[in-house]
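First comes the structure, then the notes that go with it.
The values are calculated or read from the model by the stated rules, or taken from the named source; none is laboratory data. All values reported here derive from a predicted model rather than from experimental measurement. Heads up, the Cβs are rebuilt from the backbone with ideal geometry, glycines too, and the neighbour counts pull from every protein chain shown. Remember, those area values only see protein heavy atoms, side chains included, never the ligands or the DNA or RNA. Shrake-Rupley method; radii C 1.70, N 1.55, O 1.52, S 1.80 Å.
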Amino acid sequence: MPEAAAVRSMFARIAPRYDLLNHLLSAGVDRRWRARAVAAAGERGRGIVVDVATGTGDLGLAFARAGARVVGVDFTRAMLARAVEKAGRRGARGGRTLFVGGDALRLPVRSAAADVACIAFGIRNVADRRAGLAEMVRVVRPGGCVLVLEFSLPPSRFLAALYRLYFTRLLPRIGGWISGDAAAYRYLPATVLGWPSPAELGMELGSAGLVDCGFRRLTGGIACLSWGRVPATGDP
């Protein structure tokens, strides 16, 4: 698992170019992935949403535009500063978004306070993934949902081979050139290639106490949206 201090330092260094590189390196499709996460939350996604490892706030802001009240949590100040800036620029701050410093393993949110807890491309960076998932479950009220949007390996061998080539050869060069931090963009493919399969992550979500767990591969499987529901009173 990654060391928290090293992850915080890395994201602080790349914060100025983080959004540009996200959209460039994914050819803009990352926006559609976040829209799918918002849609998957349904009516709950218009309630209270805790966006964990919010980074520059893209997923939280997408939920806010859909009508949610959002608490975005991150432990990198430079990232949070950009999230606040974007929220103000897009007019999303008026009672809809609050970005606060905090650790994914100790969320500054009371238990059972949220309708949704979500994380996009951040759970790979949490020092203890299972503890992070359990913490997300803690802050969601019964009947609410937990959403995890993350990169994954495509099931197609051909596409997986192309994906590995892009992630291990091209992405570090492009990311390093634009951001000035090649090490950060070598870290990304290393964590993605070591990521559990959607089925394995589903079992971890179940072990964290969620029910009705499932997943949907996106864009040929280069990303995956996984989910689970916090059991409600009366569930079998």
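With the simple model of a label 7 Å out from the Cα in the direction of the Cβ, Ala81 to Ser111 spans 3.7 nm. As a calculated quantity, the FRET efficiency between Thr233 and Ala66 at R0 = 25 Å, using C-beta atoms, amounts to about 0.40.
What would the Debye equation give as log₁₀ I(q)/I(0) for the stretch 83-161 at q = 0.15, 0.17, 0.23 Å⁻¹, counting only Cα atoms as equal point scatterers? Debye intensities relative to I(0), on a log10 scale: -0.69, -0.82, -1.13.
Please find the FRET efficiency linking Arg157 to Ala199, where r is the Cβ-Cβ separation and R0 is fixed at 25 Å, and quote it to the nearest 0.05.
Working: r = 17 Å, r/R0 = 0.70.
Result of the calculation: an efficiency of 0.90.
Leaving out ligands, DNA and RNA, what percent of the accessible area of the stretch 110-157 is carbon and sulfur, probe 1.4 Å? Reported share for carbon and sulfur atoms: 52 percent.
Counting only protein chain heavy atoms and rolling a 1.4 Å probe, the accessible areas of Leu147, Leu193 rank, largest first, as Leu193, Leu147.
For the stretch 218-224, 3J(HN,Hα) computed residue by residue from phi via the Karplus equation (6.51, -1.76, 1.60; θ = phi - 60°) reads 10, 6, x, x, 6, 9, 8 Hz, glycine and proline entered as x.
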